[in-house]
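S.K.: I have a structure I would like to understand better, so I am pasting it below and will then ask my questions one at a time.
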Amino acid sequence: MKPAKSQGQTISPVIALLTEIKEDNGPDFGKVHSFCEELHQGISELGGSFYVFSMKGFSEEGVEGFYYDGDDDEWKKGFLPLPAVIYNRISSRRTEISKGFKGFQNKLDSMGIKLFNHRFLSKWEIHEFLLNEEHLHPFIPETHLYHEQVLASMLGMHDELYIKPVHGSQGRNIIQVVQDEGMIQASLSSLSAKELPAYKNAGDLARAIAPLTENRMCIIQQGLKLSELNGRRMDFRILCHKNAQQFWKVTSIVARVSAEQLFVSNIARGGEVMKPIQTLSLIFGKEQARQQLSLMRELALETAEAIGRNAEGLTGELGIDIGVDIKGNLWLIEANSKPSKNFEERGMKIRPSTKAIIDHCYGLCKL
């Protein structure tokens with residue numbers, strides 16, 4: 001892509017990714033840097049143009065951003081044409097709730113520029129979206145907004161609970177609560193799986209975890225007896241994308257197996273990615289594993305459709321986490337509107353999820 005000479009110069013289609021950019025030693029797009037190279041490759045192969053920018057680079061005349069120069073094999077800064085579609089990969093929730101971002105969104109709307117994924121969705125928002133769908137109720141663990149009275153009530157019904165920040169990600173700051181022989185044990189989701197002392201009642205526990213819960217909104221969720229592989233907890237990340245025709249499809253499924261002694265399977269917390277059919281077959285046998293994978297796909301698609309229907313703005317990508325309990329039942333654990341790009345193997349090829357993003361962008365260009 002060459003820098004724009006005037007507002008009238010356009011290259012079709014022009015697709016851009018919005019994120020934070022560090023420029024100390026050449027541009028750094030953070031956790032999506034290599035993914036941006038992949039997007040450039042896929043879009044340029046189709047004859048389109050791609051660049052990366054931050055909010056401060058946007059104007060009604062054009063955008064100051066970074067395009068990939070294949071001749072020099074590097075990202076270069078330039079003044080570039082306005083895009084038809086913007087893929088939002090801002091990593092800061094604080095930025096997305098700012099007045100500046102709201103004004104940016106309004107400007108895009110007035111200019112007819114499409115933006116997806118609209119913003120981060122909180123765990124509580126997603127829970128409420130799914131509760132609107134009665135047919136999904138059997139797959140949703142009991143979940144409430146956290147406060148001490150709810151903690152006491154749920155400890156009367158469940159031996160295991162999870163307390164999660166509604167705006168949390170990557171398995172950070174999750175508290176596991178386990179009740180055994182009249183004592184309550186709490187553990188934190190860190191690489192060291194730090195344990196707190198045992199407590200006699202919910203009030204004592206609530207006071208102990210107050211530094212983690214008082215200044216942030218949290219949910220409290222029923223614990224599930226999920227299937228384990230060699231004593232390690234396991235769940236499944238299903239990536240769903242809207243295609244060019246605006247229909248949801250499953251792009252990939254991976255099993256995530258926790259690090260030893262940890263209760264979260266997130267890759268950022270030391271989890272390991274495995275092939276889902278292999279892990280399920282080891283536990284349930286091949287035939288049941290195939291059935292569970294098929295049901296998992298259906299459940300993920302229905303979940304994506306429900307979220308896309310209820311969330312404001314355009315939603316084109318979701319990472320949906322599903323657990324399988326020891327009886328083989330499926331459970332919706334959570335969904336992410338900006339799933340990580342680091343758990344899929346890339347190699348030399350463009351990944352299916354990247355192709356799906358490009359397909360969705362091209363579809364939006366035609367709307």
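S.K.: Tell me which of these Ser189 doesn't satisfy, since it passes every other one: (1) out of contact with any His (no Cβ under 6 Å at 6 or more places or on another chain); (2) modelled with pLDDT of 90 or more; (3) among the hydroxyl-bearing types (Ser, Thr, Tyr).
M.R.: Failing condition for Ser189: (2).
S.K.: Does any residue of the range 60-74 turn out to be over 24 Å from the mean Cα position of the chain (by Cα), buried (at least 17 other Cβ atoms within 10 Å of the Cβ), of a type in the set (A, V, I, L, M) and more than 26 Å from Ser353 (Cβ to Cβ)?
M.R.: Taking every residue of the range 60-74 in turn, none turns out to be over 24 Å from the mean Cα position of the chain (by Cα), buried (at least 17 other Cβ atoms within 10 Å of the Cβ), of a type in the set (A, V, I, L, M) and more than 26 Å from Ser353 (Cβ to Cβ).
S.K.: Answer yes or no as to whether Val254 is surrounded by fewer than 21 Cβ atoms within 10 Å (Cβ to Cβ), within 22 Å of the chain's Cα centre (by Cα), hydrophobic (A, V, I, L, M, F, W, C) and modelled with pLDDT of 95 or more.
M.R.: On the way: surrounded by fewer than 21 Cβ atoms within 10 Å (Cβ to Cβ): yes; within 22 Å of the chain's Cα centre (by Cα): yes; hydrophobic (A, V, I, L, M, F, W, C): yes; modelled with pLDDT of 95 or more: no.
The answer is no for Val254.
S.K.: State which residue is surrounded by the fewest Cβ atoms within 10 Å (Cβ to Cβ) when the search covers only the range 8-49 and only residues that are of a type in the set (Ser, Thr, Tyr) and not in a loop (DSSP other than H, G, I, E, B). Break it down stepwise before answering.
M.R.: Taking the range 8-49 and keeping what is of a type in the set (Ser, Thr, Tyr), we get 10, 12, 19, 34, 44, 49.
From the residues that got through so far, the ones that are not in a loop (DSSP other than H, G, I, E, B) too are 34, 44, 49.
Details: Ser34: 12, Ser44: 15, Ser49: 21.
Residue satisfying both the conditions and the ranking: Ser34.
S.K.: Let me ask something else about it. Within the range 300-311, is even one residue surrounded by fewer than 20 Cβ atoms within 10 Å (Cβ to Cβ), assigned to a loop (DSSP other than H, G, I, E, B) and in contact with a strand residue (DSSP E or B) (Cβ under 8 Å, 6 or more places away or on another chain)?
M.R.: Looking through the range 300-311, none of the residues is surrounded by fewer than 20 Cβ atoms within 10 Å (Cβ to Cβ), assigned to a loop (DSSP other than H, G, I, E, B) and in contact with a strand residue (DSSP E or B) (Cβ under 8 Å, 6 or more places away or on another chain).
S.K.: Output the number of residues of the range 111-135 satisfying the condition of being within 20 Å of the chain's Cα centre (by Cα) and either in a loop (DSSP other than H, G, I, E, B) or farther than 21 Å from Ala356 by Cβ (or both).
M.R.: 14
S.K.: Residues to consider are Ala186, Ala202; find the one that is farther than 27 Å from Met296 by Cβ and either touching a residue at least 24 places away in the same chain (Cβ under 8 Å) or under 23 Å from the mean Cα position of the chain (by Cα) (or both).
M.R.: On the way: Ala186 fails: either touching a residue at least 24 places away in the same chain (Cβ under 8 Å) or under 23 Å from the mean Cα position of the chain (by Cα) (or both).
After ruling out the rest, the residue left standing is Ala202.
The values are calculated or read from the model by the stated rules, or taken from the named source; none is laboratory data. None of these values were measured; they are calculated from a predicted model. Note: ideal-geometry Cβ built from the backbone for every residue, glycine included; neighbour counts use all protein chains shown.
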